[in-house]
Amino acid sequence: MWELSSDARWHALYVRSRQEKSVQAQLDAKAHEVFLPLYCARHRWADRWKTVSSPLFPGYVFCRFNNKNRASVLATSGIIDVVRTGSQPASVDPGEIEALRRVVDSQLVAEPYAHLIKGETVTINEGPLKSLTGVLIQVRKGLRLVVSIELLRRSVLVEIDRDWVVPRKFSIPPYADSSIQAPLRTCLRF
């Protein structure tokens, strides 16, 4: 297994179109810590409907590595490059990765979401996403939480229960549940 030192960070890897699952499998085989958040969607072909598993962030796979292991990661077939800020590889906030893991593990309905609309800050006080904080917006029916990866400027939309959301000024203090304090945005849909 690869040695992960304290300087190991999460990075977004830019991959070839429709190669996300292949890249994940190759990085897993190399014993790298890799995360590919997926969602299920129904697609219609001419003769049938089928439920398929697709990446929440098409074209990207997340991998945790340090500079010593970067060459091994980039040598993986299907990877174009690490997402960079200038000439340096940019890291993804570990809180954002943890928030995405919680969304995927929650088994709630999630889907890609192109952009965010700013509004009132809220906190999720119940359910599998308890303690996540975000921004409230109004659209259609139902409530949805938008989890963002700021580096990629992309988001994921997940359905939540209306009773789970409270305005932040009335929410549980941050020290009450310190398991995660991720920078998130929330979307309320009516």
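The values are calculated or read from the model by the stated rules, or taken from the named source; none is laboratory data. Keep in mind it's a predicted model, so treat the numbers as computed, not measured. Cβ: placed from backbone, ideal geometry, glycine included. Neighbour counts: every protein chain shown.
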Quick check on my filter: what residues within region 137-156 are crowded, with 20+ Cβ neighbours inside 10 Å and modelled with pLDDT under 80? Leu143, Arg144, Leu145, Val146
Given the conditions (1) over 18 Å from Leu151 (Cα atoms); (2) modelled with pLDDT under 95; (3) in contact with a strand residue (DSSP E or B) (Cβ under 7 Å, 6 or more places away or on another chain), which single one is not true for Gly78? (2)
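Inside region 1-79, counting only strands (runs of 3 or more DSSP E) that do not spill past its ends, which hold 1 or more residues that are without any contact (Cβ under 8 Å) to a residue 24 or more places away in the chain and more than 18 Å from the chain's Cα centre (by Cα)? Don't jump to the end; show me each part of the working.
Details: elements: 9-15, 33-35, 38-44, 49-55, 60-65.
Qualifying strands (runs of 3 or more DSSP E): 38-44, 49-55.
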